[in-house]
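Structure first, commentary second.
Throughout, read-outs are computed from the coordinates displayed, never taken from laboratory work. Computed from a predicted structure; not experimentally measured. Cβ placement follows ideal geometry from the backbone for every residue including glycine, while neighbour counts extend to all protein chains displayed.
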Amino acid sequence: MTANEFLAAFAAEVGAEVPSAEEIDGLLTLATIAAHASERFAAPIACFVGGASGMPAAELLAAARRVAPGVE
């Protein structure tokens, strides 16, 4: 199963839409910032918290950059 296949199946299972390519890029950058600013396990948890907030991926990325300026 490819990543795209998994994401499509998972999104269908939970009743959500697959993020756009731009949103995926932003979320991956958010995960990178979270992991590099603290500990590795912060990456998936930050993405979960961001998803729970309902904020768009671009706003989540901006928030992560405010929390950890200079980390990419």
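Worth a mention:
- Filtered residues of segment 51-62 (kept if assigned to a helix (DSSP H, G or I) and free of Cβ contacts under 8 Å to residues at least 12 places away in the same chain): Gly51, Ala52, Ser53, Glu59, Ala62
- Residues (in a loop (DSSP other than H, G, I, E, B) and closer than 20 Å to Gly70 by Cα) located in segment 16-48: Ser38, Glu39, Arg40, Phe41
- Matching option when the condition is touching a helix residue (DSSP H, G or I) at 6+ places or on another chain (Cβ under 9 Å) and surrounded by fewer than 15 Cβ atoms within 10 Å (Cβ to Cβ), among Gly26, Gly51: Gly51
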